[in-house]
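First up is the structure itself, then whatever we jot down about it.
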Amino acid sequence: RPFGDFGPTVAPGSGRARLLTQRAGLSLSTERELGVERAHLQAVLDALPFLADSDAGDAGWLLGDPEQALAAVQQLPGLAAVAGLDWPRGKPVRVTTPVAGAMQFAVSSGRDWFSIDGELRLDESRVLGLQQLMQLARESRQGRFVTLGDGEYLALTERLRQQLADLDALAQADKQQLRLPAAAAAWLAETLDASQTRGDSPWVQRLARLDEAAALDPQLPAALQAELRSYQAEGYAWMVRLAHAGLGACLADDMGLGKTVQTLALLLARAHEGPALVIAPTSVCGNWVAEAQRFAPSLRTVLYGEGERAAALASAGAGDLVIASYALAQIDAEAFGCREWATLVLDEAQALKNAATKRAQSVATLQAGFRLALTGTPVENRLADLWSIMNLLNPGLLGSAAQFNERFAGAIERQRDDGARARLRRLVAPFLLRRTKAQVLTDLPPRTEIIHRVEPGPEERAFLEASRRSAVERVSALGTEGGDGQAAFHVLAELTRLRRAACDPRLVAPELGIVGAKAQEFEQLASELVAGRHKALVFSQFTDFLKLLAERLDSAGIRYQYLDGSTPAAERTRRVAAFQRGEGDLFLISLKAGGFGLNLTAADYVIIVDPWWNPAAEDQAMGRAHRIGQLRPVTVYRLVTAGSVEERIVALHRDKRVLADGILEGQDSAAPLRAADLRDLLGE
């Protein structure tokens, strides 16, 4: 308004420079400085860019967003273009902006936790406590503006707003304190700026130990009989630093990148501190013995279960490496728990993804100076898998299972909460190291994946459709009785039956005598591969289907090896070695028994004869051939029966992979399968 409280309203910086108006019978004129007006307008828009999108016209702005309105109240008084703010109606709105350093935190230490307190000084006479401030921020509907009452708002900086949100999500309220587990010290130090934090002596010592660990430049043990690649040496150094800091670690490198040799380097470096214990699936224990003897022969390796068990544990000392299966570790949990282990290695740690199992509970009782989990799939199906593994490594880091589900799993899997996903990644990042083949192995031959559709004949196709319709009817009849979990159980049972039928009708209705097209297609594919001098790994979840395929190979005169969960450990090791030597052109392997821990680089083809809805398990299987030491391109065939449930399962694979990548690599995340998702697979 060029004439002040009266006269026309004009758009800043545009229109005539000289204006005329009348007031109380007098003619008045004014000369505008259009250049100055334009500069002032630009200064306002620079400070409040959202004003440019206002639809109130050239001479003003209309703000419907309360946060934008409060931002304007906060910013405008500080601009040279604004002489002051007038409030036509009601009380004026005030926005208080704390000065730098007004927020102060205090950290005190307990045995295995830290407590956090703090205060924000608003002015000389007013102070807000940390928990009071967190409550106000939690209730705020104006984003970073917190309601103080009587028309006053507190403007939080983006940094302080993030600090409050992080503490609110992760800390546990205990009377007048907020508590965090000791393992979260690195996260807390990063969250709270050093300049605004004071801590007690244990806190200062903890930070010093973290800094000391980060500064370590560990050298590879001279006793290691291997040349590590650069990323493997980095993985070794990372583990040494975490062990020095007294924290657990999860090495989650992609399958085939040499997690075993990196771990053996660590075991050599820590051998002087006491005995080490490796717990692994039965099928992998023999491989651990062979790899230890090859790369770390100075370690005295004992395979637990051969000879006197009690003596093996009692005599273990510095330089000793005890290798035990999960089954025996569970059976003899009390004996293992009585020993103090310098290093505990949990191989194929996805075996511990269910914290409620006796297997996971027995591992939790073990005492170890350093805990290391090895897995290529820390998130197999849902985020609860990650919680279970992390809780064994750094207890309490992610809260209780119920807290984790409320704060992270539910928000990420169902609500697609990017803030919760980013917060979880920041929290676990110091303890989880993952590299993929694409990132580190530029010299690894390529892997080609092919969906190979198998067309069933008319009789088989009619049988599959009739089976699907019957499954839909049975599921519909059950309704939702027993809740979502019970419904999912029944649907899963029906889906499993349909998957078996898609493999071969004889698996579910042998009396019909229908030989599936997939078995015939498999025999033809196997013959072509053998004729081309190729070797192949053949994976199935169903051992009875593998045996049907073995019959086809027998009739075709094709040599093969066979491995499933009933194969004794010593025999597994012998058959793997035989295949690697060239004894057999195909290796039939059950997905559960041989999808991990095996090195089978003699094969350059992988055939997955029944796709599963968890692609992580299939990736593990492919990694048996596509790994370090493989010199030829690897081709993967998925045999999918056209028109069956298998086609819908393959379509789900992308979503299941994205769930894991959302935490490990920062992509958007998808939800795990629920009853409704499973029903969709039936084609209802």
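Amide H to amide H distances under 5 Å link L178 with I116, where only residues 5 or more positions off or on other chains count and H is placed in the peptide plane.
In order along the stretch 119-124, the Karplus-derived 3J(HN,Hα) couplings, from 6.51 cos²θ - 1.76 cosθ + 1.60 at θ = phi - 60°, round to 8, 10, 8, 7, 7, 5 Hz, and Gly and Pro are given as x.
Which value in Å is the Kirkwood Rh of the stretch 297-367 over different Cα pairs? If you can, show how the numbers build up before the last one.
Working: mean 1/r = 0.0783 Å⁻¹.
Roughly 12.8 Å, rounded to one decimal.
Provide the FRET efficiency to the nearest 0.05 for the Q162-E528 pair, computing r from the beta carbons and using R0 = 45 Å.
Numbers: r = 58 Å, r/R0 = 1.30.
The computed FRET efficiency comes out at 0.15.
Counting pairs of alpha carbon atoms under 8 Å apart in space and at least six apart in sequence, what relative contact order in percent does the chain give? Could you put the intermediate results ahead of the total?
On the way: 1116 pairs, mean separation 70.9, N = 684.
Relative contact order of the chain: 10 percent.
Take T567: with every protein chain present and a 1.4 Å probe, its accessible area is about 10 Å².
For the chain, the Kirkwood hydrodynamic radius comes to 29.8 Å, computed from all pairs of different C-alpha atoms. Computed from the C-beta positions of A311 and V127, the FRET efficiency with R₀ = 56 Å rounds to 0.30. The stretch 323-352 and the stretch 361-395 have Cα centres lying 12 Å from one another. Placing a pseudo-label 7 Å from each Cα along the Cα-to-Cβ vector at A290 and T96 gives an inter-label distance of 7.1 nm.
Counting only DSSP beta bridges with both residues in the chain, tell me the antiparallel percent, nearest 5.
35 percent
In terms of Cα atoms, the Rg and Dmax of the stretch 311-449 work out to 17.4, 53 Å.
The Rg/Rh ratio of the stretch 373-443, with Rg taken over Cα atoms and Rh as the Kirkwood radius over Cα pairs, comes to 1.01. For the stretch 524-570 and the stretch 268-286, what is the centre-to-centre distance using only Cα atoms, to the nearest Å? Cα centroid to Cα centroid, the span is 32 Å. Residues in the stretch 304-320 carry Karplus couplings, in order, of 5, x, 8, x, 6, 5, 4, 5, 4, 7, 5, 8, 5, x, 4, x, 9 Hz; the curve used is 6.51 cos²θ - 1.76 cosθ + 1.60 with θ = phi - 60°, and Gly or Pro positions show x.
When the helices of the chain are scored as -39500 (n - 2.57) per DSSP H run of n ≥ 4 and the total is divided over every residue, the value at 222 nm lands at -13000 deg cm²/dmol. Would you calculate the separation in nanometres between label points at A194 and L41, each defined as 7 Å from the Cα along the Cα-to-beta-carbon direction? Simple spin-label model gives 4.9 nm for this pair. Over all other residues within a Cβ to Cβ distance under 11 Å of R126, the charged ones net out to -3, with Lys and Arg as +1 and Asp and Glu as -1.
Ordering H244, P281, S108 by Cα displacement along the dipole of the chain toward the positive end leaves H244 in first place; charges were set at the Cβ atoms of Lys, Arg (+1) and Asp, Glu (-1).
With 0.36 nm allotted per residue and the present C-alpha distance subtracted, the T21-Q75 stretch has 16.2 nm of extension available.
Could you order the peptides 21-27, 75-81, 182-188, 325-331 from most to least packed, using the average number of other C-beta atoms within 10 Å per residue? Could the numbers behind the result be given before it?
Values: 21-27: 8.7, 75-81: 13.0, 182-188: 22.1, 325-331: 18.4.
My ranking of the peptides, most packed first, is 182-188, 325-331, 75-81, 21-27.
Close amide H pairs (under 5 Å, H built 1.01 Å from N) link V636 with T448, E449, I450, V606, residues at least 5 positions away or on another chain.
Between C250 and A373, L432, L433, the built amide H atoms are under 5 Å apart, and every one of these is 5 or more places off in sequence or on another chain. Here the Karplus curve 6.51 cos²θ - 1.76 cosθ + 1.60, taken at θ = phi - 60°, turns the phi angles of the stretch 9-14 into couplings of 9, 10, 6, x, x, 9 Hz, with x standing for Gly and Pro. Look at the alpha carbon pairs under 8 Å that are at least 6 residues apart: their mean separation over the length of the stretch 223-308 gives a relative contact order of 38 percent.
The values are calculated or read from the model by the stated rules, or taken from the named source; none is laboratory data. Because the structure is a prediction, the values reported are computed rather than measured. Cβ: placed from backbone, ideal geometry, glycine included. Neighbour counts: every protein chain shown. Just the protein is used for accessible areas: all its heavy atoms, side chains included, with ligands, DNA and RNA removed. Shrake-Rupley method; radii C 1.70, N 1.55, O 1.52, S 1.80 Å.
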